[in-house]
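Enquirer: Just dropping this structure here.
The values are calculated or read from the model by the stated rules, or taken from the named source; none is laboratory data. On a predicted model such as this, the values are computed, not experimentally measured, just so you know. Glycine also receives a Cβ, built like all others from the backbone with ideal geometry; neighbour counts cover every protein chain displayed.
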Amino acid sequence: MDRIATIEERMQRVAERLPGMPVAESLLCRVIIMLGRVMAAHVDEVISPYQLNDVEFRTLLSLFSQPDGTGGPSDLCAGLAQSPATMTRIGDVLVARNLVTRVPNEQDRRRMDIRITPQGEALVREVLPRMFDYTRSLYQDFSAAEKSRLLAALKKLFAQLTIGEDETAHADRAASTHAAGARS
C-alpha cells in the first residue's frame, strides 16, 4: 500500500471516531505537505554539492531574474518569505562566497541593495539546468491543460491561505516556522 493510501485509510478511521472530520480536505493538506517535502529534498540534493541551501539558492535566482541583477532587502524578504534578520544572514553568507555584493541603492544612499556577481550568475547557470530534467519528468504524464488546472487550483489555495496577510507577516511566520522546525 502506498503512503497516501495508508494516510487516507487512517484518516477514514479517525473520521469514524470523530464524525465531521473533513477527510478529503485533510488528505489534500497532507499530500501537499508531503509533496513539498519530497520536492525540497530533491532541490537540496541538487544544490548541496554547491554548498548552498534552498533559501540561498532562491536568493541567487531572485537576483538573477532581475534585469540588473539587483534586489532590495524588503523585496527579497517578501519574495522569499524570509525575515529581515534571515535575509541579512543569507546576504552575509553569499557575500563571503563572492556570489553577491552589497551596493548602495541608487535612490536612497542610506539603503544597501544586493547584486549578484558574475560568480553568482555562473553558479546559477550551472545549477539550474540540473533541475530541468527532474522538473520535466515530474509532469511528463500531465497534459498542458492538466498542468494549467493544477497551477490554477494551487494559486487559488495559496490565495485562500494568505487572505489578509501582508508580506511582512508572511515572512515573519515563515521564519518562525523554519526556526521551530530547526529546533525539533
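Enquirer: Among the helices (runs of 4 or more DSSP H) lying completely within region 1-112, list those that include at least 3 residues that are at pLDDT 90 or above. Full working, then the answer.
Expert: On the way: elements: 3-17, 23-47, 54-64, 73-80, 84-96.
By residue number, 3-17, 23-47, 54-64, 84-96.
Enquirer: Something else about it: Just to check your reading of the model, which residue among Gly72, Gly79 is touching a Gly at 6+ places or on another chain (Cβ under 9 Å) and assigned by TED's automatic domain parsing to the domain that holds Arg58? Give the steps one after another, and end with the answer.
Expert: Numbers: Gly72 fails: touching a Gly at 6+ places or on another chain (Cβ under 9 Å).
Of Gly72, Gly79, the one residue that is touching a Gly at 6+ places or on another chain (Cβ under 9 Å) and assigned by TED's automatic domain parsing to the domain that holds Arg58 is Gly79.
Enquirer: Using the structure shown, decide if Asp68 is surrounded by 14 or more Cβ atoms within 10 Å (Cβ to Cβ), in contact (Cβ under 8 Å) with a residue 24 or more places away in the chain and more than 21 Å from Leu154 (Cα to Cα). Break it down into steps so the answer makes sense when it comes.
Expert: Values: surrounded by 14 or more Cβ atoms within 10 Å (Cβ to Cβ): no; in contact (Cβ under 8 Å) with a residue 24 or more places away in the chain: yes; more than 21 Å from Leu154 (Cα to Cα): yes.
Taking the combined requirement at face value, the residue does not satisfy it.
Enquirer: Working only within region 14-37, note down all residues that are surrounded by 11 or more Cβ atoms within 10 Å (Cβ to Cβ) and either touching a residue at least 12 places away in the same chain (Cβ under 8 Å) or within 20 Å of Thr135 (Cβ to Cβ) (or both).
Expert: Residues satisfying the conditions are Val23, Ser26, Leu27, Arg30, Val31, Ile32, Met34, Leu35.
Enquirer: For region 130-167, how many residues are among the polar types (S, T, N, Q) and either part of a helix (DSSP H, G or I) or in contact with a strand residue (DSSP E or B) (Cβ under 8 Å, 6 or more places away or on another chain) (or both)? Talk me through it step by step, then tell me what you get.
Expert: Taking region 130-167 as the starting set, the residues that turn out to be among the polar types (S, T, N, Q) are 135, 137, 140, 143, 148, 160, 162.
Okay, now just the ones that are also either part of a helix (DSSP H, G or I) or in contact with a strand residue (DSSP E or B) (Cβ under 8 Å, 6 or more places away or on another chain) (or both), so 135, 137, 148, 160.
Summing the residues that are among the polar types (S, T, N, Q) and either part of a helix (DSSP H, G or I) or in contact with a strand residue (DSSP E or B) (Cβ under 8 Å, 6 or more places away or on another chain) (or both) in region 130-167 gives 4.
Enquirer: On to the next question. Starting from region 129-141, keep only residues that are free of Cβ contacts under 8 Å to residues at least 40 places away in the same chain, then list their pairs with residues that are of a type outside the set (Gly, Ala, Ser) and surrounded by 10 or more Cβ atoms within 10 Å (Cβ to Cβ) whose Cβ atoms are within a distance under 6 Å, requiring at least 6 positions of separation or different chains.
Expert: Tyr139/Lys147
Enquirer: Tell me, yes or no, whether region 82-92 has at least one residue that is surrounded by 11 or more Cβ atoms within 10 Å (Cβ to Cβ), touching a Ser or Thr at 6+ places or on another chain (Cβ under 6 Å) and free of Cβ contacts under 8 Å to residues at least 40 places away in the same chain.
Expert: Looking for residues that are surrounded by 11 or more Cβ atoms within 10 Å (Cβ to Cβ), touching a Ser or Thr at 6+ places or on another chain (Cβ under 6 Å) and free of Cβ contacts under 8 Å to residues at least 40 places away in the same chain, one finds at least one in region 82-92, hence yes.
Enquirer: Is it true that some residue in region 112-125 is within 18 Å of the chain's Cα centre (by Cα) and in contact (Cβ under 8 Å) with a residue 12 or more places away in the chain? Quick ask: steps written out before the conclusion?
Expert: Taking region 112-125 first, the residues within 18 Å of the chain's Cα centre (by Cα) are 124.
Adding the requirement that they be in contact (Cβ under 8 Å) with a residue 12 or more places away in the chain leaves 124.
Yes; the residues of region 112-125 include at least one that is within 18 Å of the chain's Cα centre (by Cα) and in contact (Cβ under 8 Å) with a residue 12 or more places away in the chain.
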